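See below for the structure under consideration.
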Amino acid sequence: MRYEKLISDMTLEEKAALTSGKGFWDSVNIQRLGIPSIKMSDGPHGIRKQAGDADHLGLNKSVPATCFPTAASMANTWNPALGEAVGQYLGKEAMVQGINVLLGPGLNIKRSPLCGRNFEYFSEDPYLAGKMAAGYVIGIQSEGVAACPKHYAVNSQELRRMHNDSVLDERTLREIYTTGFEIAVKEGEAMTIMSAYNKVNGIYANEHEHLLRGILVDEWGFDGFVISDWGASNDHALGVANGSHLEMPTTGKDGIKLIVDAVKSGKLDESVLDERLDEFLSVVFRLKEAQATKNTPSDFDIEDHHVSARKAAEECIVLLKNEEEILPIKSNRKIGIIGDFAKDTRYQGAGSSLVNPTKLDNALEAWKKTDAKVIGYEQGFERHGKSNSELIFKAVALAKKSDVVLMYLGLDEVSESEGRDRDHMKMPENQVAAIEAVAEVNPNIIVILSAGAAVEMPWIDQVKGLIHGYLLGQAGSESLVNVVLGNVCPSGRLAESYPLKLEDTPCHSYYPGTELTSEYREGVFVGYRYYETAEVPVLFPFGFGLSYTEFSFDALKVTEHGVIVDITNVGDVAGAEVIQMYISKAGTKIYRPVKELKGFSKVYLQPGASIQVEIPFDDKTFRYYNTGTNSWEVEGGTYQVMIGASVADIRLQGEIQVEGTAAQSPYDALELKDYYKGNIKNIDDAQFQALLGRALPVSKWDTSKPLNLNDTVGQMFYAKSFMARIALKIIAHIKDNSIKKGKPNLNILFIYDIPFRGIAKMMGGAISMEMAEGILEMVNGHGFKGIKKLIKGAMHKNVKTEVNQGKNDNGGVSYGGND
């Protein structure tokens, strides 16, 4: 151990204290031993350091910071180097604000377009997500700040995320849901990882030895520490035993007592606790050394960072339709602007990633800075979906006078938010009605879409142009104007597929898991892996994006090390192309998708210029996870190597013979017949059980049994206590009313889905687990017993111990102030 002497000088109480937070955003410091605390902050696309009272969901205002494009936008750049550059800016701002650990990037897989937090994640593809995440991690950590990729692992729905069990086979876990984290750890060398709220195959992620030690440490060589998501710690002692280092936020003396008791009872070996502390302290001291030695200014250049955010946003924008080359708009055309999103920019998602921007553009202001002939603006529709014929009437009147109509449309803040998933993929009906009304009087419509995920577009044939920016951050409005006018050639490519309708998505029959489990019956067939294999038509394929220029792909060479291809800009405009490499294998003995992304490169070329692009093979190019050998294997034989501009636009194809590892297939093709066909929309119990290799877990609540600590507040509809059921109705009423008003109460949403243990875990030590147990007793109809336990717990909580007195003369732990 690196800090054996230091750890040996600690009392058991001090050791225990270091495994829980000091407050909402800080770790514990021990003054007598010179152990500093570190400060953490949300920050996937901007620093969210809260100036006043702390809360997890971003309701209390934070210190101003640059709001960069969200991960859903940045993934469309297919440019890890740009991710690194943005990461550097994030790291600089974190240093200025005294932040040691930046809680991001988020790289959970976009299993379904409905996940309420998709705006915060990169892609449906783990390879692209991992490469982008690694770029961010390298950039952030180059500034002396630790990055914290999250949420590890298999966290693909918001509904009951603290209670839900993600049930999936090992191959799917490894190939789809952990590969991105593997790249972030191995290539990015992430110093920290955040564990997810959910269970994975029956075990909470924060106490999952297979995930936290077997894969993360033993296989990937992770040399940092694991932070629980806020309130994600279930059994704290088991978490520490199995690879978690820091329970957040603070649980006060509760967490300390739990660890001390676990060591004394033999549940937790003190040598294992020491090992976790050594791993934790190695990062803490590295971060504090960086903070002390780095020449960090007291402030950052707001304008420079804003410009960098704009340039990043320009590369995120995806041109999806350009009929009759309506874009870029000619200088002599009269432009009418319609849409509430032009005036009130939708530039980020809601929840714990909410950034207080240093500046904020909107489209109307951005257009005023140009020489374009904008003849008017109309709101067109009410933001939160209410029908308003007068607004449509005014929009139509403007459209009649315009040569081109720009319609700024999108999903509102209610539709995409941490804490809740979407119910559908539809655009608001009042926006569709506005499109239809305007289309009747003017065919030259360009839609500028703001949304963090895919939407259905039955109206697509009524518009000639479609630009999707996703959520572009504080400088996004100006970047969109630059693309519309042709000052910037669009180079974004979709990092997710756009299905024609929700029912086409591979997990439609299984998403979301509504009670105890979320069953990943689609297996490895996520996103384009399913659409391409099952030949399901999509609106826009993975990797798709148009440009104002064109590129030719020529002279493909496939070598043992990778591919070489010539790319030429054959158009009249300077621009960028993303060269995408997909791998396929015919005659496979294991079931597999017909195409899988295994490499990509983005190149920038002047008109007429050519470049030779090399995309190397790596350790992930030909591998698959074999559940029979419990290891990565390679199936020998002939592989097709496909080079294209999207998964559906393959321009060149070659072959390579690959020597395999000769492992036997672990599958019975008859037993898994639908997986071998890629027809995974309605997998029955027998096939899924055969895939798992074990009996299916119970998926439904047993409403005849009392609620337990891991059941949620939202389950009180079957509580024994009448008062508990009334309380739930009040909570549900507040929740539903806030959603109807277009301002979802995120704290109420969080409370609705929180397990009863979370009442203790998220209250900063104000409520102990014993008190939470008393509340649960009352909910279960044992009023007097519950009150007695609640009072007893409160009395125990106030008993002083040596560790919380914070003796500065000869020891103790400091819980307040600066280091």
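Residues Thr703, Thr661, Thr712: which one is surrounded by 12 or more Cβ atoms within 10 Å (Cβ to Cβ) and within 23 Å of Ile203 (Cα to Cα)?
Numbers: Thr703 fails: surrounded by 12 or more Cβ atoms within 10 Å (Cβ to Cβ); Thr661 fails: within 23 Å of Ile203 (Cα to Cα).
When all the criteria are applied, what remains is Thr712.
Please go through (1) assigned to a helix (DSSP H, G or I); (2) at pLDDT below 90; (3) open to solvent by 30 Å² or more (accessible area, probe 1.4 Å) for Ile748 and return the number of the only condition it doesn't satisfy.
(3)
Could you grab me the full set of residues in region 684-698 that are within 20 Å of Pro506 (Cα to Cα) and not hydrophobic (A, V, I, L, M, F, W, C)?
Asp684, Asp685, Gln687, Gln689
Please specify each residue of region 557-569 satisfying the condition of being of a type outside the set (Val, Ile, Thr) and not in a strand (DSSP E or B). First the steps, then the outcome.
Here is the first cut: in region 557-569, the residues of a type outside the set (Val, Ile, Thr) are 557, 560-562, 566, 569.
Those that are of a type outside the set (Val, Ile, Thr) and not in a strand (DSSP E or B): Glu560, His561.
Only one residue in Lys681, Lys740 is out of contact with any helix residue (DSSP H, G or I) (no Cβ under 7 Å at 6 or more places or on another chain), of a type outside the set (Gly, Ala, Ser), closer than 26 Å to Tyr511 by Cα and open to solvent by less than 50 Å² (accessible area, probe 1.4 Å), so which one is that?
Numbers: Lys740 fails: open to solvent by less than 50 Å² (accessible area, probe 1.4 Å).
So the residue among Lys681, Lys740 that is out of contact with any helix residue (DSSP H, G or I) (no Cβ under 7 Å at 6 or more places or on another chain), of a type outside the set (Gly, Ala, Ser), closer than 26 Å to Tyr511 by Cα and open to solvent by less than 50 Å² (accessible area, probe 1.4 Å) is Lys681.
In the set Tyr591, Tyr604, Tyr582, which member is open to solvent by less than 10 Å² (accessible area, probe 1.4 Å), assigned to a strand (DSSP E or B) and at pLDDT 95 or above? So that I can check it myself, show each step before the final result.
Values: Tyr591 fails: assigned to a strand (DSSP E or B); Tyr604 fails: open to solvent by less than 10 Å² (accessible area, probe 1.4 Å).
None of the others qualify; the one that does is Tyr582.
Here is a list: Gly793, Gly774. Which entry is at pLDDT 95 or above and outside any loop (DSSP other than H, G, I, E, B)?
Numbers: Gly793 fails: at pLDDT 95 or above.
It is Gly774.
Can you tell me how many residues within region 183-200 are open to solvent by 10 Å² or more (accessible area, probe 1.4 Å) and in contact (Cβ under 8 Å) with a residue 60 or more places away in the chain?
1
For region 559-569, give me the residue count where each residue is surrounded by fewer than 21 Cβ atoms within 10 Å (Cβ to Cβ) and farther than 18 Å from Leu128 by Cα. Please lay out each step first, then the result.
Quick first cut of region 559-569, residues surrounded by fewer than 21 Cβ atoms within 10 Å (Cβ to Cβ) only: 559-562, 564, 566, 568.
Cutting the leftovers down to farther than 18 Å from Leu128 by Cα gives us 559-561, 564, 566, 568.
Qualifying residue count for the region: 6.
Determine which member of the set Gly104, Gly116 is modelled with pLDDT under 95 and closer than 24 Å to Ala451 by Cβ.
Values: Gly104 fails: modelled with pLDDT under 95.
The match here is Gly116.
Among the residues that make up region 338-350, is at least one of them more than 29 Å from Leu746 (Cβ to Cβ) and in contact (Cβ under 8 Å) with a residue 40 or more places away in the chain?
The initial filter retains those residues of region 338-350 that are more than 29 Å from Leu746 (Cβ to Cβ), namely 338.
Now restrict to residues that are in contact (Cβ under 8 Å) with a residue 40 or more places away in the chain: 338.
Yes, some residue in region 338-350 is more than 29 Å from Leu746 (Cβ to Cβ) and in contact (Cβ under 8 Å) with a residue 40 or more places away in the chain.
Looking at region 325-333, can you tell me whether even one residue there is in contact (Cβ under 8 Å) with a residue 24 or more places away in the chain, basic (Lys, Arg) and under 18 Å from Val484 (Cβ atoms)?
Within region 325-333, one or more residues are in contact (Cβ under 8 Å) with a residue 24 or more places away in the chain, basic (Lys, Arg) and under 18 Å from Val484 (Cβ atoms).
Here is a list: Asp554, Asp572. Which entry is open to solvent by 30 Å² or more (accessible area, probe 1.4 Å), farther than 22 Å from Glu496 by Cα and in a strand (DSSP E or B)? First the steps, then the outcome.
Numbers: Asp572 fails: in a strand (DSSP E or B).
Exactly one of Asp554, Asp572 is open to solvent by 30 Å² or more (accessible area, probe 1.4 Å), farther than 22 Å from Glu496 by Cα and in a strand (DSSP E or B), namely Asp554.
Out of region 766-787, which residues are surrounded by fewer than 22 Cβ atoms within 10 Å (Cβ to Cβ) and under 16 Å from Gly255 (Cβ atoms)?
Ala766, Met769, Glu770, Glu773
Only residues in region 137-154 that are within 22 Å of Leu281 (Cβ to Cβ) count as the first member; pair them with residues that are among the hydroxyl-bearing types (Ser, Thr, Tyr), Cβ under 7 angstrom, at least 6 apart or cross-chain, and list the lot.
Ala146/Thr192; Ala147/Tyr136; Cys148/Thr192; Tyr152/Ser195
Can you confirm whether Thr533 is farther than 30 Å from Gly660 by Cα and either in contact with a helix residue (DSSP H, G or I) (Cβ under 9 Å, 6 or more places away or on another chain) or at pLDDT 95 or above (or both)?
Spelling it out, it is not the case that Thr533 is farther than 30 Å from Gly660 by Cα and either in contact with a helix residue (DSSP H, G or I) (Cβ under 9 Å, 6 or more places away or on another chain) or at pLDDT 95 or above (or both).
When you go through Ser308, Ser298 one by one, which is the residue that is open to solvent by 30 Å² or more (accessible area, probe 1.4 Å), over 23 Å from Val217 (Cα atoms) and of a type outside the set (A, V, I, L, M, F, W, C)?
On the way: Ser308 fails: open to solvent by 30 Å² or more (accessible area, probe 1.4 Å).
Exactly one of Ser308, Ser298 is open to solvent by 30 Å² or more (accessible area, probe 1.4 Å), over 23 Å from Val217 (Cα atoms) and of a type outside the set (A, V, I, L, M, F, W, C), namely Ser298.
Select the helices (runs of 4 or more DSSP H) contained entirely in region 8-127, then report the ones holding at least 3 residues which are open to solvent by less than 20 Å² (accessible area, probe 1.4 Å) and small (Gly, Ala, Ser). Don't jump to the end; show me each part of the working.
Values: elements: 12-17, 71-74, 80-96.
It comes to 71-74, 80-96.
How many of the residues in region 1-39 are of a type in the set (S, T, N, Q) and closer than 24 Å to Met194 by Cα?
Of all residues in region 1-39, those of a type in the set (S, T, N, Q) come to 8, 11, 19-20, 27, 29, 31, 37.
Checking the rest, the ones that are also closer than 24 Å to Met194 by Cα come to 19-20, 27, 29, 37.
Residues meeting the conditions: 5.
For the condition over 15 Å from the mean Cα position of the chain (by Cα), open to solvent by less than 10 Å² (accessible area, probe 1.4 Å) and under 26 Å from Ile38 (Cβ atoms), what is the one hit in Asn164, Asn206? If you could, list the steps in order and put the result at the bottom.
Numbers: Asn164 fails: under 26 Å from Ile38 (Cβ atoms).
Only one candidate qualifies: Asn206.
Determine, yes or no, whether Ser491 is open to solvent by less than 10 Å² (accessible area, probe 1.4 Å), of a type in the set (S, T, N, Q), closer than 30 Å to Asn198 by Cα and at pLDDT 95 or above.
Answer is no for this residue.
Where residues in region 624-658 are assigned to a loop (DSSP other than H, G, I, E, B), open to solvent by less than 40 Å² (accessible area, probe 1.4 Å) and out of contact with any Pro (no Cβ under 6 Å at 6 or more places or on another chain), which of them is nearest to Tyr528 (Cα to Cα)?
Going residue by residue through region 624-658, those that are assigned to a loop (DSSP other than H, G, I, E, B) are 627-630, 635-636, 647-648.
Now restrict to residues that are open to solvent by less than 40 Å² (accessible area, probe 1.4 Å): 635-636, 647.
Checking which are out of contact with any Pro (no Cβ under 6 Å at 6 or more places or on another chain) leaves us with 635-636.
Numbers: Glu635: 22, Gly636: 24 Å.
Only one residue fits best here, namely Glu635.
Please give the helices (runs of 4 or more DSSP H) falling wholly within region 221-328 in which 2 or more residues are within 21 Å of Tyr3 (Cα to Cα), under 30 Å from the mean Cα position of the chain (by Cα) and at pLDDT below 95. Spell out how you get there, then give the answer.
On the way: elements: 236-242, 253-265, 270-293, 302-316.
Counting at least 2 such residues, we get 270-293.
Please specify each residue of region 497-509 satisfying the condition of being touching a residue at least 60 places away in the same chain (Cβ under 8 Å), open to solvent by less than 30 Å² (accessible area, probe 1.4 Å) and either in a loop (DSSP other than H, G, I, E, B) or out of contact with any Asp or Glu (no Cβ under 9 Å at 6 or more places or on another chain) (or both).
If the condition is that a residue be touching a residue at least 60 places away in the same chain (Cβ under 8 Å), open to solvent by less than 30 Å² (accessible area, probe 1.4 Å) and either in a loop (DSSP other than H, G, I, E, B) or out of contact with any Asp or Glu (no Cβ under 9 Å at 6 or more places or on another chain) (or both), then Ser497, Thr505, Pro506, Cys507 are the ones that fit.
When only residues in region 388-435 that are of a type in the set (Ser, Thr, Tyr) and open to solvent by less than 40 Å² (accessible area, probe 1.4 Å) count, which is farthest from the chain's Cα centre (by Cα)?
Pass one, region 388-435, residues of a type in the set (Ser, Thr, Tyr): 389, 402, 408, 415, 417.
Filter again for open to solvent by less than 40 Å² (accessible area, probe 1.4 Å), leaving 402, 408, 415, 417.
On the way: Ser402: 40, Tyr408: 25, Ser415: 16, Ser417: 12 Å.
Among those that are of a type in the set (Ser, Thr, Tyr) and open to solvent by less than 40 Å² (accessible area, probe 1.4 Å), it is Ser402.
Just checking, how many residues over region 387-405 are assigned to a loop (DSSP other than H, G, I, E, B) and acidic (Asp, Glu)? Spell out how you get there, then give the answer.
To start, the set of residues in region 387-405 that are assigned to a loop (DSSP other than H, G, I, E, B) comprises 387-388, 402-403.
From what's left, acidic (Asp, Glu): 403.
So the answer is 1.
Give Leu494, Leu485, Leu480, Leu516 a once-over and let me know the one that is within 21 Å of the chain's Cα centre (by Cα) and touching a residue at least 24 places away in the same chain (Cβ under 8 Å). Show your work before the answer.
On the way: Leu485 fails: within 21 Å of the chain's Cα centre (by Cα); Leu480 fails: within 21 Å of the chain's Cα centre (by Cα); Leu516 fails: within 21 Å of the chain's Cα centre (by Cα).
Only one candidate passes the filter, namely Leu494.
Any residue in region 39-51 that is charged (D, E, K, R) and under 30 Å from Lys267 (Cβ atoms)? Break it down into steps so the answer makes sense when it comes.
Just the residues of region 39-51 that are charged (D, E, K, R), to begin with: 39, 42, 48-49.
Those left that are additionally under 30 Å from Lys267 (Cβ atoms): none.
No - not one qualifying residue is present in region 39-51.
The values are calculated or read from the model by the stated rules, or taken from the named source; none is laboratory data. Small disclaimer: the values here were computed from a predicted structure and weren't measured. Cβ: placed from backbone, ideal geometry, glycine included. Neighbour counts: every protein chain shown. When the accessible area is computed, the model is the full protein with side chains, heavy atoms only, and any ligands, DNA or RNA have been set aside. Shrake-Rupley method; radii C 1.70, N 1.55, O 1.52, S 1.80 Å.
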